[in-house]
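Heads up, the thing below is written out as structure tokens.
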Amino acid sequence: AQNTTATAADPTFGVVTISPYKFSSKIVAAPFELLQDSAVNVEDFINRRLVDRLGRAMNAYFTTGTGTSQPRGVVTASSVGKTGTTGQTTTVLYADIVDLLYSVDAAYRPNARFMTRDASIGIIRKLVDGQSRPLWEPSMQAGQPDTIFGYPGVVNNDVAAMAASAKSILFGDFSKYIIRDVSGIQVVRLGERYADYLQVGFYAFQRTGGRLNAANSTTYNPVKYYANSAT
């Protein structure tokens, strides 16, 4: 109303701790002879494989970690956007994906994307609308992702496969998932530990953690999931 005093509405602040956890590639021991005789740089090859191994381990926890003695994964931190229609234990309906999309608050949708595993994409690609047009739209531009309803689709094979009650599809603004890297990946060369076997040990480690920066409400959670029907 006119000539009235504005009321106060201060924001409420909280503190979220993103605790770091140490990830290890485990040790790989290579014999001196292999390192000396090979025509390729075996040490560099081992180091790259250790980094790949770390990446896969961290991705698994950033996806489904419980948050207890491990990072809290984005699936764990997300909230339900749509539960599949009865009978959709290993499939999803066109209408259910529409409901999942609109379960995410409009403020998060401009930067949103879908995330699911490779096998689930095969299921989604079979879906068509009332005019038999595919829901999945292959990208026509190199370097750009395929889309679902115009939103990018991202493959993450650590998302659950479609099964009864599985959280198999995510949709939302994944930039709200914060990863805290305490340090970069460090590769350690163990030149003396296995010397009596004429071997050199290699292992890599990194300290990192992650958590979804979400409002204290399932309504305004920036990431929602589709759960397959229980029966």
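The values are calculated or read from the model by the stated rules, or taken from the named source; none is laboratory data. Owing to the predicted nature of the structure, the values given are computational and were not obtained by experimental measurement. Virtual Cβ from ideal backbone geometry, glycine too; neighbours counted across all protein chains shown. Just the protein is used for accessible areas: all its heavy atoms, side chains included, with ligands, DNA and RNA removed. Shrake-Rupley method; radii C 1.70, N 1.55, O 1.52, S 1.80 Å.
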Checklist outcome for this item: Mean accessible area per residue over segment 158-231 (1.4 angstrom probe, all protein chains present, square angstrom) is 50 Å²
Checklist entry - What's the Kirkwood radius of segment 6-133 in Å, using all Cα pairs? => result 19.8 Å
Next on the checklist: Suppose the chain between Ser175 and Glu137 were pulled fully straight at 0.36 nm per residue; how much longer would it get relative to their current alpha carbon spacing?
Outcome noted: 11.4 nm
Checklist entry - Amide H to amide H, which residues 5 or more places from Ala166 or on other chains are under 5 Å from it, using H placed in the peptide plane? => result Asn228
Checklist entry - In whole Å, what are the Cα extents of the chain along the three principal axes, biggest one first? => result 82, 55, 39
Item to check | Where segment 1-65 is the region considered: accessible area per residue in Å², 1.4 Å probe | outcome: 77 Å²
Item to check | Per-q log10 I(q)/I(0), segment 101-231, q = 0.12, 0.16 Å⁻¹ (Debye; single scatterer per alpha-carbon; no solvent) | outcome: -0.64, -0.93
Checklist outcome for this item: When the chain is treated as a Gaussian network with springs between alpha carbons less than 10 Å apart, the largest mean-square fluctuation among Ala39, Ala60, Ala163 is found at Ala39
Item to check | Fraction of accessible area attributable to carbon and sulfur, the chain (%, probe 1.4 Å) | outcome: 50 percent
Item to check | Acute angle (nearest 10 degrees) that the helix 42-64 long axis makes with the longest principal axis of the chain, alpha-carbon atoms | outcome: 30 degrees
Next on the checklist: Give me the dipole magnitude in Debye, nearest 20, for the chain about the Cα centre, with unit charges on the beta carbon: positive for Lys and Arg, negative for Asp and Glu.
Outcome noted: 360 debye
Next on the checklist: Per 0.36 nm of contour for each residue apart, how much would the distance between Tyr21 and Thr147 grow if the chain were fully extended, relative to their Cα-Cα spacing?
Outcome noted: 42.0 nm
Checklist entry - For segment 151-231, which trypsin sites (Lys or Arg not before Pro) are in a loop by DSSP, counting at most 15 other Cβ atoms within 10 Å? => result Arg193
Checklist entry - Which residue, Gln144, Gln206, Gln70, tops the fluctuation ranking in a GNM of the chain built on C-alpha contacts under 10 Å? => result Gln144
Next on the checklist: Quick one: 3J(HN,Hα) in Hz for segment 23-32, Karplus 6.51/-1.76/1.60 with θ = phi - 60°, rounded, Gly and Pro as x.
Outcome noted: 9, 10, 7, 6, 8, 10, 9, 10, x, 3
Item to check | Net charge dipole size for segment 21-96 [Lys, Arg +1 and Asp, Glu -1 on Cβ; Debye, nearest 20] | outcome: 400 debye
Next on the checklist: Which one, Thr89, Thr219, Thr17, has the greatest fluctuation when you compute a Gaussian network model over the chain with C-alpha springs under 10 angstrom?
Outcome noted: Thr17
Checklist entry - Any idea what the relative contact order of segment 80-192 is, in percent, if you count C-alpha pairs under 8 Å spaced at least 6 apart? => result 30 percent
Checklist entry - What lysines could a cross-link reach from Lys167, if we take a straight Cα to Cα line under 24 Å and drop same-chain neighbours fewer than 8 places away? => result Lys82, Lys126, Lys176, Lys224
Checklist entry - Got a sec to turn the phi values of segment 71-80 into Karplus ³J(HN,Hα) couplings, 6.51 cos²θ - 1.76 cosθ + 1.60 with θ = phi - 60°, whole Hz, x for Gly and Pro? => result x, 8, x, 5, 5, 4, 7, 6, 10, 5
